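As structure tokens, the structure follows; a few thoughts come after it.
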Amino acid sequence: MKKILTLFAVVGLIVFSSCEGPEGPPGQDGLISEVIEVNGYSFQQSNNFRIRYDLKPEIYPGDMVLVYRLVAVEDGVKVWNALPESAFDSAGAFDFSYNFEFSRYDVDIFMLGSDLGTVVPALRLNQTFRIVIIPGAGKNLTGKKTSVNLNDYNEVIKKYNIDDSNVKTVKL
């Protein structure tokens with residue numbers, strides 16, 4: 001009986017010993033964020049004042065998308081406004097707004113207003129947007145909410161360690 005128990009112990013020791021294979025490639029540290037710049041897009045009746053950008057590959061379910069519009073370049077520095085962004089006429093009444101929606105698969109940027117065809121061309125034609133993908137719905141690695149002003153493009157870029165000089169540029 002002792003010989004059978006000893007045999008089972010030796011076999012069990014061999015079977016349950018951990019095996020190691022070759023080490024896999026190193027992963028990327030931290031969370032991955034991405035910025036896509038859409039250049040020279042014109043909102044017109046023919047495209048229903050809407051732009052769609054397909055996310056390839058799709059984003060994870062917890063990821064968040066932010067969209068910013070280029071409003072000026074001051075001393076070589078780009079100035080970005082977060083969407084939604086509203087514009088008012090000279091009397092202070094609502095004129096139109098830029099807005100966006102996103103899913104795991106695409107981002108839609110669009111204009112809303114009663115008569116978008118009358119919006120001045122400088123605000124409708126040749127627009128530039130930045131789509132910022134933030135992983136984990138604004139949570140850090142510990143799962144705690146982070147405090148960052150999502151309306152401030154530069155603060156978002158800094159908080160998520162995004163290389164602003166390495167932005168993917170597309171023209172739709």
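Summary of values
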{"read-out": "Positions within segment 84-116 being closer than 13 Å to R52 by Cβ and either touching a Lys or Arg at 6+ places or on another chain (Cβ under 7 Å) or assigned to a strand (DSSP E or B) (or both), in sequence order", "value": "F100, E101, F102, D106, V107, D108, I109, F110"}
{"read-out": "Tally, over segment 152-172, of residues that are open to solvent by less than 90 Å² (accessible area, probe 1.4 Å), touching a Ser or Thr at 6+ places or on another chain (Cβ under 8 Å) and either assigned to a strand (DSSP E or B) or of a type outside the set (A, V, I, L, M, F, W, C) (or both)", "value": "1"}
{"read-out": "Filter pass, G62 being open to solvent by 30 Å² or more (accessible area, probe 1.4 Å), touching a helix residue (DSSP H, G or I) at 6+ places or on another chain (Cβ under 7 Å) and outside any strand (DSSP E or B)", "value": "yes"}
{"read-out": "Any hit, segment 23-36, residues being modelled with pLDDT of 90 or more and surrounded by 14 or more Cβ atoms within 10 Å (Cβ to Cβ)", "value": "yes"}
{"read-out": "Qualifying positions in segment 44-59 - under 18 Å from V120 (Cβ atoms) and under 22 Å from the mean Cα position of the chain (by Cα)", "value": "F49"}
{"read-out": "Qualifying positions in segment 77-96 - open to solvent by less than 70 Å² (accessible area, probe 1.4 Å), modelled with pLDDT under 95 and small (G, A, S)", "value": "S86, A87, G92, A93"}
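The values are calculated or read from the model by the stated rules, or taken from the named source; none is laboratory data. Being a predicted model, the structure only gives us computed values, none of them experimental. Methodologically, a virtual Cβ is constructed for each residue, glycine included, from the backbone with ideal geometry; neighbour enumeration extends over all protein chains shown. Heads up: the accessible areas ignore ligands, DNA and RNA and are worked out on the full protein's heavy atoms, side chains in. Shrake-Rupley method; radii C 1.70, N 1.55, O 1.52, S 1.80 Å.
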